[in-house]
Amino acid sequence: MTVHHAPPVPDVFDPRQYATGIPYDAYRVLRDHHPVARQDEPEVLGWPAGPGFWAVTRHADVVRVLKDSATYSSYIGATQIRDPDPDDLPFIRRMMLNQDPPGHGRLRRLVSRAFTPGRIERFARLAEDRARMLFARALDEARASDGTVDLVTTVTDDYALLNLADLLGVPEADRRLLLHWTQRVIGYQDPDEAGPQVLDPAGKPVNPRSPAMLRDMFGYAQHLAAHKRRYPDDDVMTTLALPQFSNSLEPGGAPVAELSGAELEMFFFLLTVAGNDTVRSAAPGGLLTLAEHPEAYARLRDGRAELPSAVDELLRWHPPVLTFRRTAAQDTELAGRRIRAGDKVVVFHASANRDERVFTDPDRLDLSRTPNPHVSFGDGPHVCLGAHFARLQLRVLYREAVRVLPELRTAGTPKRLVSNFINGMKSLPVRIG
């Protein structure tokens, strides 16, 4: 009789491995043999060791965790793999991303009212103009050199940044601040993005989400809100800053409470970082995917594949977010493993998006794939608030790409972000013409 032993549990925590690509082979080992697996948290890149966590890699289990906020809490330990400093945790919990129902729902309803149909329509027109301008600039740069251009630095970084600045109402002179803050918070594991580590008096690195590291961003948010109260405009910060915005009712007839100053600061943080980096990561990832699949790009160019389904397939293939953490609020069981109250439970979006139990031929790019229940924008109560805006921006960007670029070919090795959280691209050199 042959005894089959399960292969060992691969490491999918170390952020350095993500700089060379997503470890899909390791994800498959986990899905097939260890769908809920213990992962160590050793000290890496100067960040201290942690107690370890459960890695959840199958689609059904990921969805279950994301939908069940009573069992798997965003509030208890927040949503990053690394444990925050205990002194910082009350501060971090103020953010909508790190709250559970019902408090999370109140904040979500409040902010969703800022995204009016008229604002969305105006935003779409601006995004179209910006995509044309940025691709025209990329073509000019390529023609002035050897025919190559970096689409990250020339197109996608500015596209995401300037669209967000328009949405928030950030003055032109201040817009580079948004990218600076995003790089500092999102790219903290990557020395190219974060720069020198900031250490506390004990020599430990300071969490980029700590009050000390966000003081300049929050001060700017209050300054911008005060400006919008004096000079209101058609933007999200004006809507959030004006008291009359809250003159509406919750379900059941109770008045909606006005955003506190701390809540407004946290929304500015969330919209700046998440709103920028979702598109900033997804856009070059989608363009790289199309460059690596010329037949799919040709189908998109000649109309055999439609943009809405193509956008979702490119999001499945290159999800902007790799992982999100929850904390077990009570003892429970998941995929046959006992989870104890207080354990960290981390869902792996990129693994769920390649689960053979849900997707037919998941390692094949199919721009017409339907249904396509990817979890690139999450699921459950915390499903991405800006998913509609992200899809809109990606449709506009890819439409312009296929209009002006007959071919899309890489011209060197793309550089990826060192991160086990964000599926980021630091450069995407392509050859044009």
Test result for PHE115, more than 22 Å from GLN330 (Cβ to Cβ), at pLDDT below 90, in contact with a helix residue (DSSP H, G or I) (Cβ under 6 Å, 6 or more places away or on another chain) and not acidic (Asp, Glu): no
Would you pick out the residues in segment 58-90 that are of a type in the set (Gly, Ala, Ser) and within 26 Å of PRO208 (Cα to Cα)? SER69, SER73, SER74, GLY77, ALA78
Answer with yes or no whether LEU224 is among the hydrophobic types (A, V, I, L, M, F, W, C), in contact with a Gly (Cβ under 8 Å, 6 or more places away or on another chain) and buried (at least 19 other Cβ atoms within 10 Å of the Cβ). yes
Of the listed residues (ALA283, ALA298), the one being touching a Lys or Arg at 6+ places or on another chain (Cβ under 9 Å), under 23 Å from VAL430 (Cβ atoms), at pLDDT 95 or above and among the small types (Gly, Ala, Ser) is ALA298
Does segment 304-321 contain any residue that is in a strand (DSSP E or B) and within 19 Å of TYR27 (Cα to Cα)? yes
The lone exception for VAL12 - which of (1) more than 24 Å from VAL418 (Cβ to Cβ); (2) in a loop (DSSP other than H, G, I, E, B); (3) in contact (Cβ under 8 Å) with a residue 40 or more places away in the chain it fails: (1)
Residues in segment 161-169: is at least one outside any helix (DSSP H, G or I), out of contact with any Leu (no Cβ under 8 Å at 6 or more places or on another chain) and open to solvent by less than 70 Å² (accessible area, probe 1.4 Å)? no
When you scan segment 1-20, how many residues do you find that are modelled with pLDDT under 85 and open to solvent by 100 Å² or more (accessible area, probe 1.4 Å)? 4
List pairs: first in segment 325-348 and farther than 14 Å from GLY50 by Cβ, second polar (S, T, N, Q) and part of a strand (DSSP E or B), Cβ under 7 Å, 6+ apart or cross-chain? ARG326/SER73; ALA329/SER73; ILE339/THR332; VAL347/THR323; PHE348/THR323
Hey, which of the helices (runs of 4 or more DSSP H) in segment 170-276, taking only ones fully inside, have at least 1 residues that are closer than 22 Å to CYS384 by Cα and either modelled with pLDDT under 80 or polar (S, T, N, Q) (or both)? 175-186, 236-241
Could you list all residues from segment 384-424 that are without any contact (Cβ under 8 Å) to a residue 60 or more places away in the chain and among the aliphatic types (A, V, I, L, M)? ALA387
Keeping to segment 23-46, report how many residues are open to solvent by 30 Å² or more (accessible area, probe 1.4 Å) and in contact (Cβ under 8 Å) with a residue 40 or more places away in the chain. 4
Would you tally the residues in segment 305-319 being buried (at least 24 other Cβ atoms within 10 Å of the Cβ) and either of a type in the set (Ser, Thr, Tyr) or within 30 Å of ARG93 (Cβ to Cβ) (or both)? 2
With segment 334-433 as the region, which strands (runs of 3 or more DSSP E) entirely inside it contain at least 3 residues that are open to solvent by less than 30 Å² (accessible area, probe 1.4 Å)? 344-348
Considering every residue within segment 288-299, establish whether at least one is part of a helix (DSSP H, G or I), touching a Ser or Thr at 6+ places or on another chain (Cβ under 9 Å), in contact (Cβ under 8 Å) with a residue 40 or more places away in the chain and more than 21 Å from VAL396 (Cβ to Cβ). yes
When you go through THR289, THR323 one by one, which is the residue that is at pLDDT 95 or above, in contact with a His (Cβ under 6 Å, 6 or more places away or on another chain) and open to solvent by less than 10 Å² (accessible area, probe 1.4 Å)? THR289
Residue count, segment 260-279, condition in contact (Cβ under 8 Å) with a residue 60 or more places away in the chain and either aromatic (Phe, Trp, Tyr) or open to solvent by less than 20 Å² (accessible area, probe 1.4 Å) (or both), comes to 9
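The values are calculated or read from the model by the stated rules, or taken from the named source; none is laboratory data. These numbers were taken from a predicted model, which means no experiment stands behind them. Positions of Cβ are backbone-derived with ideal geometry, glycine not excepted, and every protein chain shown enters the neighbour counts. Just so you know, the surface numbers come from the protein's heavy atoms only, side chains and all, with ligands and any DNA or RNA stripped out. Shrake-Rupley method; radii C 1.70, N 1.55, O 1.52, S 1.80 Å.
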